[in-house]
There are 2 protein chains.
Amino acid sequence: MSPNGSRTRSPRHDVLFEPLAIGPKTLRNRFYQVPHCTGFGTEKPLSQAHFRAMKAEGGWAAVCTEYAPVSADSDSMPYVSARLWDDDDARNLAVMCEAAHRYGALAGVELHHEGMIANPRESRWPAVGPSQIANVAYPSGAAPKEMDVDDIRRVQRDWASAAVRARDIGFDIIYVQSAHSALLAQFLSPTLNRRTDGYGGSLENRARMWLETLELVRHTVGIDCVIAARIAVDALGPWGAPIDDGLRFVELADDLVDLWDITVGATAGFDRLDSAASRFFGEGYELEWTRQVRAVTDKPIIGVGRFTNPDTMAELVRRRDLDIIGAARPSIADPFLPKKIEEGRYGEIRECIGCNICYSRAEYGGHIGCTQNATAGEEYRRGWHPERFSRARTTGKGVLVVGAGSAGLECAIVLAKRGHDRVHLVEKDAEVGGCVQWISRLPGLGEWRKVLDWRLQQLDRLRSNIEVITGRTLEAADVLSYGAELVVLATGSRWAADGFNGLTFEAIPGADASQNFVLTPEQIMLENKRPPGTRLWRGHGFGTACTRSGSRC
Amino acid sequence: MSPNGSRTRSPRHDVLFEPLAIGPKTLRNRFYQVPHCTGFGTEKPLSQAHFRAMKAEGGWAAVCTEYAPVSADSDSMPYVSARLWDDDDARNLAVMCEAAHRYGALAGVELHHEGMIANPRESRWPAVGPSQIANVAYPSGAAPKEMDVDDIRRVQRDWASAAVRARDIGFDIIYVQSAHSALLAQFLSPTLNRRTDGYGGSLENRARMWLETLELVRHTVGIDCVIAARIAVDALGPWGAPIDDGLRFVELADDLVDLWDITVGATAGFDRLDSAASRFFGEGYELEWTRQVRAVTDKPIIGVGRFTNPDTMAELVRRRDLDIIGAARPSIADPFLPKKIEEGRYGEIRECIGCNICYSRAEYGGHIGCTQNATAGEEYRRGWHPERFSRARTTGKGVLVVGAGSAGLECAIVLAKRGHDRVHLVEKDAEVGGCVQWISRLPGLGEWRKVLDWRLQQLDRLRSNIEVITGRTLEAADVLSYGAELVVLATGSRWAADGFNGLTFEAIPGADASQNFVLTPEQIMLENKRPPGTRLWRGHGFGTACTRSGSRC
């Protein structure tokens, strides 16, 4: 429902649905899924295709791959990225292009080279970079080979070959990308580029590698594709300095670029502001830097910042701070965000809470997931859809769900959407929500309350199918005699407070959380329990924004 | 050449080439590549097939996959294992079976389930185990679901289905394996199994899960395949206790097993003795435990222990301590180990040095490698063969190799084998060998000298093609004027001693290794340099064997 109760779009959001020409193509609206990792890459082509296609179906005007290295000296094992090293990789990514087009979205590929921060464990090639400076981004600590002109030409040719492959399998948008510390930005950085030849020294020289690559790609793929550049605009100068180098590069490259994808963070040092956790950074926190780019280009600009509020988005587009609302995390939490705004179904938006489990699962688990959207990553493998639910074979049966934390709530909601009309959701506390109730009251974690908000709103719509009973504890015998034909236990877990020893696999006899030297997180956070003789340290940043340190803080 | 100079096999090694019946199949000799990780699994079927086939070609009578889980709740992402979850996995592993058979070897598949130490990040299934005890093997710390009888039956059915798939694609040897802490051993362990039903308590009860699985697999696949069991025989009782439980299990299961693959290490606690580094453990160190198994079974026994000495191997087989010489690491370092012994080419054996880079690369780099055998893992991808070398296109040209450390030596040797007859290998030191010269003199690292030994022996055979010049330093101008048409630099690397700061990417002005507070590893180890006012701590285990802690010490 819209803020005023009707289910029609507010006219002030119309601007988000104006088409926009980007180079030779047209975006159907202003919603753009920027490149982001999934753990699918080219390894799981169908998971990749169905995941991106879900967003295309949900109204995003463009969907992109994650970073896709053009050469084998940019290999990320054991982490899975996309790749466009050869025709086999192209065959795998072609499936995603077709899927995006089926739903009317443009498809983009984030061509990439890791440069000196590569750690090519699988291909065993040496990493290459503008200068021989140790790789501090990964544990290897290895120093890259300083690229000679042959190396430069080889990587540029690889980029052009990958671009041709991308065009030929149907990608509409081809990145010559170098956000987040990648090779072209390493050349651009006065900190990482210490060359004394024509590729080092002045900004013009440092920009040469990127500009030549843009030129070659544009020349090679012809006029059929959008040429996009992604740049972390704040990250080229010294730590905390103005972003003059970034802005000057945009000016230098502007003629070669159809679309600017502007972001922030990394390159040299650890000031990773990209994809920052909600604990420290609010919606739109990147604008401080990205909105400065408008002054130097009239080309379309994409910006991100975990945008979920349509008023904010519309205002940014109206003012032309940004032309396109970029999103990674909000598009994972709700693939149907654009459609819901378009149709004025504002209350149905599953808002991203900025917990970053998505990236964590993609990177370290090989398979993306989401706290808000349980279907994320399971579109192909399990055939799950965030908005459409098949009728269950068990609909005639009464169901008892024990525990109304976020899992129990989600379960009851999905059961109701799958046609169950006799679902009892029983909760021992006076309110539903479980641990989200108190977690979201901790300093900085207010956004996490949205996990509960969305589910309460859904519960409200499904009132006739779900009966919520709070303040009632069910023992095993109560469950058995409840009369339900199906029972789901969603009672959560608790901390082991028995002194479990991982070497002997034994507990400490008598140890439990009633003792003053045994503390569970809940006791510390909710009951203010402290070890004997100590007080909680309340220092730096507790409850306030910790500037310039992002999710690593 | 044989120890006495001829190239014929010593008759005392004949016993290693006697065929042996194992269940319904026959091993052509006593050399058996036990299951070991590669990073290929079912993800790189052709790398897997060519890697194992090279050993088959080199004379191993059987080659096995790495561990191959039978169910999706035993997923190892981001580490790559084999899998036999479904027909697609079977299709991938079929390539390896065919390749092994082409060279007359049997093919084995190590069917497996990780149980409570699984951390299924990709499949997102919960881990399962005999009891709900926290997983201390991996950072997750999660507690598995305690298996009910339905779970037990499901895993047993999965095992049988995987076995049928394995048989149908041509595997000769099917493991019902549970070495190194896997599910069946978790049931067997009184530490990890705290059940009170028919699957817990007495040894007979704890063995039930494994015995039933063996029985079902044997019943399901029929009499066409060898049923093998792999057990870490020392690891079931409490830490350091006698191995009575392991031996009693062998007695209980003996009728169901055609082949015992006996190893040591893990299950509960951190006493990982399997695949121990040479720094602390010598050839045959596992025999202390594994040779006790003979007393309880007359079935064929495989044992491992980094065996490379044919005298040791023959003696073990003659005494029937072992019937079959198992090898993982020695078969990586020299896939042709059996053939070389068979043909009396003893001096040509590339002996494993026990550095464990193989496992490290397989597990953390997704692609196995070897310090001794540069071709390991590159049989398919680069078409490399450890014994056969194609003629180079550059054979007419003179080559200068600068630096005769292990890389320069390897390079000169391979150039000569590829037909180059004018290779100059120039070394600044008085001796060839580079850092291996001093590293192999450090306490416990004597085995590493074999890197040099093998290359010196090869150099000796290739004298007419390679000229070795020691004690000569070449500057850039010397290299240019040397007269070589091809130049290879193999001068190694050195430690940065300039105070490089990974945040600012700057060095400390004036810092270098001549100062008393800047120390390189070589200065510490070779020159006894110490920070002002300190002495080197010479405590526990320095230069002596550190018992019962293996490669983690």
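The values are calculated or read from the model by the stated rules, or taken from the named source; none is laboratory data. In this text the structure is predicted, and so the values were computed from the model without any measurement. Reconstructed Cβ throughout: ideal geometry from the backbone, glycine too, with neighbour counts over all protein chains shown. When the accessible area is computed, the model is the full protein with side chains, heavy atoms only, and any ligands, DNA or RNA have been set aside. Shrake-Rupley method; radii C 1.70, N 1.55, O 1.52, S 1.80 Å.
Numbers for the structure displayed
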quantity	calculated
Selection within the stretch A:41-79 - among the hydrophobic types (A, V, I, L, M, F, W, C), under 17 Å from A:SER123 (Cβ atoms) and out of contact with any helix residue (DSSP H, G or I) (no Cβ under 8 Å at 6 or more places or on another chain)	A:ALA72, A:MET77
Count of residues meeting criterion [without any contact (Cβ under 8 Å) to a residue 40 or more places away in the chain, among the aliphatic types (A, V, I, L, M) and either over 18 Å from B:LEU474 (Cβ atoms) or part of a helix (DSSP H, G or I) (or both)] in the stretch B:416-443	2
The lone exception for A:ARG361 - which of (1) out of contact with any Gly (no Cβ under 9 Å at 6 or more places or on another chain); (2) open to solvent by 40 Å² or more (accessible area, probe 1.4 Å); (3) under 30 Å from A:SER76 (Cβ atoms) it fails	(1)
Considering residues of the stretch A:267-323 that are assigned to a loop (DSSP other than H, G, I, E, B), modelled with pLDDT of 95 or more and surrounded by fewer than 21 Cβ atoms within 10 Å (Cβ to Cβ) only, the residue nearest to the other protein chains (Cβ to nearest Cβ)	A:THR297
Residue within the stretch A:356-376 that is modelled with pLDDT under 95, under 25 Å from the mean Cα position of the chain (by Cα) and more than 14 Å from chain B (Cβ to nearest Cβ) present	yes
Test: B:VAL518 is of a type in the set (A, V, I, L, M, F, W, C) and in contact (Cβ under 8 Å) with a residue 60 or more places away in the chain	no
From the options B:LEU247, B:LEU216, B:LEU273, B:LEU203, residue that is more than 19 Å from B:LEU111 (Cα to Cα) and more than 28 Å from the chain's Cα centre (by Cα)	B:LEU203
Qualifying positions in the stretch B:41-61 - of a type in the set (D, E, K, R) and either farther than 19 Å from B:ALA105 by Cα or within 14 Å of another protein chain (Cβ to nearest Cβ) (or both)	B:GLU43, B:LYS44
Which numbered condition B:TYR32 misses (of (1) among the hydroxyl-bearing types (Ser, Thr, Tyr); (2) buried (at least 24 other Cβ atoms within 10 Å of the Cβ); (3) more than 21 Å from the chain's Cα centre (by Cα))	(3)
Leading residue by the ranking (surrounded by the most Cβ atoms within 10 Å (Cβ to Cβ)) among those in the stretch B:172-190 that are hydrophobic (A, V, I, L, M, F, W, C) and over 21 Å from the mean Cα position of the chain (by Cα)	B:LEU183
Yes/no for A:ARG455 being among the basic types (Lys, Arg), modelled with pLDDT of 95 or more and more than 30 Å from A:LEU519 (Cα to Cα)	yes
Test: residue in the stretch B:385-408 that is more than 14 Å from chain A (Cβ to nearest Cβ) and part of a helix (DSSP H, G or I)	yes
Residue selected from the stretch A:62-75 under the condition out of contact with any Asp or Glu (no Cβ under 7 Å at 6 or more places or on another chain) and over 30 Å from A:PHE17 (Cα atoms), by the criterion farthest from the other protein chains (Cβ to nearest Cβ)	A:ASP73
Subset of the stretch B:84-117 that is farther than 19 Å from B:TYR359 by Cβ and part of a loop (DSSP other than H, G, I, E, B) - its residue that is farthest from the chain's Cα centre (by Cα)	B:ASP86
Boolean, B:ARG472 is under 24 Å from B:LEU415 (Cβ atoms), in contact with a strand residue (DSSP E or B) (Cβ under 6 Å, 6 or more places away or on another chain), open to solvent by 80 Å² or more (accessible area, probe 1.4 Å) and not small (Gly, Ala, Ser)	yes
Candidates B:ALA107, B:ALA94, B:ALA134, B:ALA142 - the one that is open to solvent by less than 10 Å² (accessible area, probe 1.4 Å), hydrophobic (A, V, I, L, M, F, W, C) and either more than 12 Å from chain A (Cβ to nearest Cβ) or without any contact (Cβ under 8 Å) to a residue 24 or more places away in the chain (or both)	B:ALA107
Candidates B:PHE171, B:PHE187 - the one that is assigned to a loop (DSSP other than H, G, I, E, B), more than 14 Å from chain A (Cβ to nearest Cβ) and of a type in the set (Phe, Trp, Tyr)	B:PHE171
Selection within the stretch A:491-524 - within 14 Å of another protein chain (Cβ to nearest Cβ), hydrophobic (A, V, I, L, M, F, W, C) and surrounded by 14 or more Cβ atoms within 10 Å (Cβ to Cβ)	A:ALA496, A:ALA497, A:PHE500, A:PHE505, A:ALA507
Enumeration of residues in the stretch A:110-121 that are surrounded by fewer than 24 Cβ atoms within 10 Å (Cβ to Cβ) and of a type in the set (Asp, Glu)	none
Subset of the stretch A:18-51 [under 29 Å from A:ASP311 (Cβ atoms), in contact with a Phe, Trp or Tyr (Cβ under 9 Å, 6 or more places away or on another chain) and of a type outside the set (Ser, Thr, Tyr)]	A:ARG28, A:ASN29, A:ARG30, A:PHE31, A:GLN33, A:PRO35, A:HIS36, A:PHE51
Subset of the stretch A:50-88 [open to solvent by 20 Å² or more (accessible area, probe 1.4 Å) and of a type in the set (Asp, Glu)]	A:GLU57, A:ASP86, A:ASP87, A:ASP88
Residues satisfying the stated conditions in the stretch A:379-412, i.e. without any contact (Cβ under 8 Å) to a residue 60 or more places away in the chain and buried (at least 22 other Cβ atoms within 10 Å of the Cβ)	A:SER406, A:LEU409, A:ALA412
Test: residue in the stretch B:228-242 that is away from every other protein chain (no Cβ under 14 Å), within 29 Å of B:LEU20 (Cβ to Cβ), touching a residue at least 40 places away in the same chain (Cβ under 8 Å) and open to solvent by 30 Å² or more (accessible area, probe 1.4 Å)	no
Residue in the stretch A:138-151 that is closer than 19 Å to A:ASP86 by Cα and outside any strand (DSSP E or B) present	yes
Condition broken by A:GLY344, with the remaining ones in (1) open to solvent by less than 40 Å² (accessible area, probe 1.4 Å); (2) within 14 Å of chain B (Cβ to nearest Cβ); (3) within 30 Å of A:LEU425 (Cβ to Cβ) satisfied	(2)
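Rundown of residues vs (1) out of contact with any strand residue (DSSP E or B) (no Cβ under 9 Å at 6 or more places or on another chain); (2) under 24 Å from A:CYS355 (Cα atoms), yes/no style:
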{"site": "A:PRO443", "(1), (2)": "yes, yes"}
{"site": "A:VAL451", "(1), (2)": "yes, yes"}
{"site": "A:ARG455", "(1), (2)": "yes, yes"}
{"site": "A:GLU467", "(1), (2)": "no, no"}
{"site": "A:VAL479", "(1), (2)": "no, no"}
{"site": "A:GLY483", "(1), (2)": "no, no"}
{"site": "A:VAL488", "(1), (2)": "no, no"}
{"site": "A:THR504", "(1), (2)": "yes, no"}
{"site": "A:ARG530", "(1), (2)": "yes, no"}
